[in-house]
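Asks: Here you go, one structure.
Each value in this text was obtained by applying a stated rule to the coordinates, not by laboratory testing. Everything numeric in this text was worked out from a predicted model, so none of it was measured. Quick reminder, even Gly has a Cβ in these numbers, built from the backbone with ideal geometry, and neighbours come from all protein chains shown.
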Amino acid sequence: MYRPISDFGKHLINIQQLSDRTSTHLYQICLLATDMDGTLTKYGKFTSKLLDTLENLAAVKVPVLIVTGRSAGWVSAISSLMPIVGAIAENGGLFYPSSNSEPVTLTPIADLTSHREHLARTFANLQTYFPQIQESADNRFRVTDWTFDLTSLTTDELKNIGNLCEQMGWGFTYSNVQCHIKPQGQDKAIGLLKVLRQYFPTYFPEQVITVGDSPNDESLFNQRYFPISVGVANIREYATQLQHQPTYITTAAEGDGFCELCSYILQSCQH
């Protein structure tokens, strides 16, 4: 499923492999901010191993915050059902604290109806250039962004779509699941920083570890904001496309890689 490490070696030269030695540097971690699809999931699903890991982190009082591109509708449920402190939806658009069903808007939108109509027109314009793109099934549950399926788009086509979105006044990103037309300046790092300032004001950036697996997680790898970041092994698929790369990389991919990281964090809590 994944290309050999040697294919990407020259692009990952500065990334350190997680190891037993790493755990001694994780004792100061106060919060884990993680992507969901391809990072917490395995073959698109949550596993019992993941849920056990989240419960173990909660038991030692290491809070987990999900930072995902998934829709407001999805994240509203996830934030209340999982053993986490909350979840950020739509790549930094909204925050759902686990203790409150009401979302916190991170990207102000003056007129929601007008905003959605503008997004729809932008998508229709993109379809004139790329007639194969189709609106994502969960798009109806979104507030701040507009999504379409990633299927059959090449790297060059994704780059061209990004350029077109910029010309029309929008931002663009994509994950291993979907493509996102979004307000310019809306990304995971900016949304996470807003949440940290409001809800976790005593935490320093070096006490937060960020985790991801694809291009829409790139802002979480920016060491200007977050000095300690981890890519699960499947991040190697996008190595040539990332300007900002994670500090560490796991041996295992997807949810197993996240659990690998957490095993080191839990180990550090015993010291």
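Asks: Return the long-range amide H neighbours of Gln16 (sequence gap of 5 or more, or a different chain), with a cut-off of under 5 Å between placed amide H atoms.
Replies: Tyr248, Ile249
Asks: May I ask you to sort Phe204, Phe130, Phe221 by Cβ crowding, counting other Cβ atoms within 10 Å and putting the fewest first?
Replies: Working: Phe204 10, Phe130 16, Phe221 24.
If I rank by nearby Cβ atoms, fewest first, I get Phe204, Phe130, Phe221.
Asks: Also: Can you list the HN-Hα couplings for region 76-87, worked out from phi with the Karplus curve (6.51, -1.76, 1.60; θ = phi - 60°), rounded to whole Hz and with x for Gly and Pro?
Replies: 4, 6, 4, 5, 8, 9, 9, x, 10, 8, x, 8
Asks: If the label point is 7 Å along Cα→Cβ of Ile190, which residues in region 88-106 have backbone nitrogen under 18 Å from it?
Replies: Flagged as within label range: 88-96, 104-106.
Asks: Hey, can you grab everything whose amide H is under 5 Å from the amide H of Gly171? Only 5+ residues off in sequence or another chain; H modelled, so Pro and N-termini drop out.
Replies: Placed amide hydrogens put Lys182, Gln184 under 5 Å from Gly171.
Asks: ³J(HN,Hα) across region 194-204 via Karplus (A = 6.51, B = -1.76, C = 1.60, θ = phi - 60°), whole Hz, x for Gly/Pro?
Replies: Values, residue by residue: 5, 5, 4, 5, 7, 10, 9, x, 8, 8, 8 Hz.
Asks: Let me ask you something else. At a Förster radius of 41 Å, what calculated FRET efficiency corresponds to the Cβ-Cβ distance of Lys159 and Gln270, to the nearest 0.05? If you can, show how the numbers build up before the last one.
Replies: Values: r = 46 Å, r/R0 = 1.12.
That gives a FRET efficiency of 0.35.
Asks: Taking a label point 7 Å from the Cα of Arg140 along the Cα→Cβ vector, which residues of region 107-125 have an amide N closer than 17 Å to it?
Replies: 116-117, 120
Asks: With Cβ to Cβ distances under 12 Å as the rule, what net charge do the other residues near Leu266 carry (K, R +1; D, E -1)? Write down the numbers at each step before the final one.
Replies: Numbers: positive: Lys61; negative: Asp52, Glu55, Glu260.
Neighbour charge sum, excluding Leu266 itself: -2.
Asks: If you scale each eigenvalue of the Cα gyration tensor by 5 and take the root, what three semi-axes come out for the chain, rounded to whole angstrom and sorted largest first? Before the final figure, lay out each step's value.
Replies: Details: eigenvalues 176, 99, 50 Å².
Largest first, the chain gives 30, 22, 16 Å.
Asks: Set the Förster distance to 30 Å, then compute FRET efficiency between Ser48 and Gln16 from the Cβ-Cβ distance, nearest 0.05. Intermediate results must be reported in sequence, preceding the final value.
Replies: Numbers: r = 30 Å, r/R0 = 0.99.
Efficiency computed from Cβ-Cβ geometry: 0.50.
Asks: When the chain is fully extended, how far beyond the present Cα-Cα distance does Thr151 get from Ala124, taking 0.36 nm per residue of separation?
Replies: Numbers: separation 27, 0.36 × 27 = 9.72 nm, distance 1.73 nm.
Taking 0.36 nm per residue and subtracting the Cα distance, the gain is 8.0 nm.
Asks: Taking trypsin sites (Lys or Arg not before Pro) as candidate sites, keep only those in a DSSP loop with at most 13 other Cβ atoms within 10 Å, then name the longest stretch of the chain containing none of them. It would help to have the intermediate numbers written out before the result.
Replies: Details: sites that count: Lys61, Arg224.
Here the longest segment lacking exposed loop sites spans 62-223.
Asks: Related question: Once phi is turned into ³J(HN,Hα) by the Karplus curve 6.51 cos²θ - 1.76 cosθ + 1.60 with θ = phi - 60°, what whole-Hz value does each residue of region 98-107 show in order, with x for glycine and proline?
Replies: Each residue of region 98-107 in turn: 5, 8, 8, 6, 7, x, 9, 6, 9, 10 Hz.
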